[in-house]
Amino acid sequence: MLVLALPLTALAHTAVDSGSYHFEIGWVNEPVIVGERNALDLFVAPKDKPDQGLTGVESTLRFTVEYGGVSRGYDLVPVENEPGHYTAVFIPTRLGQYTFHITGQIQTEVVDVSVQPEEVVEIGQLAFPEAQPAIGDLQAQLAAAQSQAATTLYVAVAGVVLGALGLVAAMVAALKK
């Protein structure tokens, strides 16, 4: 009964076998929101014992995150009291698909694994209640509205002046006749 009361999370992790090893790769926080702190969630185990996490690979494996032709490497950090679990914290700053690339060596086996985890999305419909605009955004909108109003006023004044000049010219022409 207690098990049913615990919150369940559905993680969109990808399971990959490479040589003698089993990898589960995904994001720590899902769904993944652009601009919010997140991290790689990596589990490594022997393929023949997929429930027994493998420790000590943070010094022999390298994590690289790739997006749109650019990449950046991060150190793997073991998760305390969770053998075989590793993480690497970063903030996804763009919407779309990222690629997680794990390379290196475990004992004598070369590792080269790539996965495309869940896409990074805008907060959009996940936000509740609807977010209020930031003060800076409101100030920028006000400045833009004031600038537009000033431009409209200048155009209106120029129109009145030109209209008045046209009337004066017409009156001068009529008096000369």
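The values are calculated or read from the model by the stated rules, or taken from the named source; none is laboratory data. Remember, it's a predicted structure, so these values are computed and weren't measured experimentally. In this analysis, Cβ positions are derived from the backbone assuming ideal geometry, glycine residues included, and neighbour counts consider all displayed protein chains. Calculation scope for accessible area: heavy atoms of the full protein, side chains included, ligands and nucleic acids excluded. Shrake-Rupley method; radii C 1.70, N 1.55, O 1.52, S 1.80 Å.
Listed by chain and number, the aspartates and glutamates whose alpha-carbon sits under 17 Å from that of K47, ignoring those within fewer than 8 places in the same chain, are D17, E24, E109, D112.
Accessible surface computed residue by residue for the chain, with neighbouring protein chains in place and a 1.4 Å probe, gives 69 Å² per residue. Relative to the longest principal axis of the Cα atoms of the chain, the long axis of helix 135-176 lies at roughly 20 degrees. Projecting the Cα positions of P50, P78, A173 onto the charge dipole of segment 32-177 (unit charges on Cβ atoms of Lys, Arg, Asp and Glu, taken about the Cα centre) puts A173 furthest along the positive direction.
Charges were assigned to the Cβ only: +1 to each Lys and Arg, -1 to each Asp and Glu. The resulting dipole of the chain about its Cα centre is roughly 1540 debye.
Coupling constants for segment 94-104 follow from the phi torsions by the Karplus curve (6.51 cos²θ - 1.76 cosθ + 1.60, θ = phi - 60°), and in residue order they are 10, 6, x, 8, 9, 10, 9, 10, 10, 9, x Hz; glycine and proline get x.
Computed from backbone phi with θ = phi - 60° and the Karplus coefficients 6.51, -1.76 and 1.60, the 3J(HN,Hα) list for segment 30-45 is 10, x, 8, 9, 4, x, 9, 4, 8, 6, 5, 10, 10, 10, 10, 8 Hz; x is used for glycine and proline. Once you have a ≥ b ≥ c as the square roots of the Cα gyration tensor eigenvalues for segment 67-167, tell me rounded if a/c is under 1.5, and otherwise prolate or oblate according to whether a/b is larger than b/c. Prolate. Find which of V28, L40, L126 sits farthest along the positive direction of the dipole of the chain, computed with +1 on the beta-carbon of Lys and Arg, -1 on that of Asp and Glu, about the Cα centre. After comparing all options, I get L126. Note on V161 and Q139: their simple-model spin labels are 3.3 nm apart, each label 7 Å out from Cα toward Cβ.
With all pairs of different alpha carbon atoms counted, what Kirkwood hydrodynamic radius in Å does the chain show?
Across the chain, the inverse of the average 1/r is 21.3 Å.
Taking the 1.4 Å solvent-accessible surface of the chain as the whole, the part contributed by carbon and sulfur is 59%.
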